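See below for the structure under consideration.
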Amino acid sequence: MTDGQRQIRDQAEEWPVRSSAQPFQGRVTGVRTDEVLMPDGSHARRDYQTHPGSVSVLALDEQQRVLILRQYRHPVRQRLWELPAGLLDVPGENPLHAAQRELFEEAHCKAAEWRVLVDFYTSPGGTDEALRLFLATGLSAADGERYEAHGEELEIETARVPLAELVGLVLAGELHNPTLITGTLALHAALTSPMGIEALRAADSPWPARPFN
């Protein structure tokens, strides 16, 4: 899509970095400090969280209900309704395989059909985290025993909520998880478009933000 002669799409670009340091590295994420050359010739310090990337799943059943989870999130001191999600903490891991694992572990579900719903950066001013959100349909109970939960996951609640109801809750300010909000509105947009979900990308589509094998 273009606006006159301007193409409306994000593009890769990297401004020169005079110095870079990593003052903190945790088990999964860290903090990096870069001195970046600005257009006026000055340098500015940019502190941001380094992140391996994430996947999430919007699982939609035959009754147009979305599978959601609620769990405690300590930084915001709230129990948030969310979509099944997890880290890409294995370098080069196929994001579809990771998403299938998360759907099994957090909801003991499997899906027959998978598509890419949307890719986005969760907070590009403060972290390099990239997230791929899948649409999963044709849901059924997973085989085998349930995954043994740990930590916050011990108190996970699950629900299946009609998509139309979720849209209303998002617009009313009742739901705050960015992946749930993005997925809800993206799916609503896809379903009301002329092509429907058939216009969505294949589950194994390239993801330049997090290349995979």
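The values are calculated or read from the model by the stated rules, or taken from the named source; none is laboratory data. Please read all numbers here as calculations on a predicted model, not as lab measurements. With ideal geometry, Cβ positions are generated from the backbone for all residues, glycine too; neighbour counts draw on all protein chains shown. Only protein heavy atoms, including side chains, enter the accessible area calculation; ligands, DNA and RNA are left aside. Shrake-Rupley method; radii C 1.70, N 1.55, O 1.52, S 1.80 Å.
Among the criteria (1) in contact with a Ser or Thr (Cβ under 7 Å, 6 or more places away or on another chain); (2) of a type in the set (Ser, Thr, Tyr); (3) part of a loop (DSSP other than H, G, I, E, B), the one Ser205 does not fulfil is (1). Figure legend. Inter-residue proximity from the range 42-64: first residues within 30 Å of Ala141 (Cα to Cα) and modelled with pLDDT of 95 or more, second residues among the polar types (S, T, N, Q) and surrounded by fewer than 15 Cβ atoms within 10 Å (Cβ to Cβ), beta-carbon distance below 6 Å, spacing 6+ or different chains. No pairs are indicated. What about Glu157, is it open to solvent by less than 50 Å² (accessible area, probe 1.4 Å) and more than 14 Å from the chain's Cα centre (by Cα)? Spelling it out, it is not the case that Glu157 is open to solvent by less than 50 Å² (accessible area, probe 1.4 Å) and more than 14 Å from the chain's Cα centre (by Cα).
Within the range 175-187, is even one residue in a strand (DSSP E or B), in contact (Cβ under 8 Å) with a residue 60 or more places away in the chain, out of contact with any helix residue (DSSP H, G or I) (no Cβ under 8 Å at 6 or more places or on another chain) and closer than 27 Å to Pro206 by Cβ? Within the range 175-187, not a single residue is in a strand (DSSP E or B), in contact (Cβ under 8 Å) with a residue 60 or more places away in the chain, out of contact with any helix residue (DSSP H, G or I) (no Cβ under 8 Å at 6 or more places or on another chain) and closer than 27 Å to Pro206 by Cβ.
One residue stands out in the range 1-31 among those that are open to solvent by less than 100 Å² (accessible area, probe 1.4 Å) and not in a strand (DSSP E or B): the one that is farthest from Trp207 (Cα to Cα), namely Gly4.
Being open to solvent by less than 50 Å² (accessible area, probe 1.4 Å), touching a Ser or Thr at 6+ places or on another chain (Cβ under 9 Å) and more than 23 Å from Leu166 (Cα to Cα) is a property that Asp34 has. Scanning the range 167-185 for residues being of a type in the set (Gly, Ala, Ser) and either modelled with pLDDT under 95 or in contact with a strand residue (DSSP E or B) (Cβ under 6 Å, 6 or more places away or on another chain) (or both) gives a total of 1.
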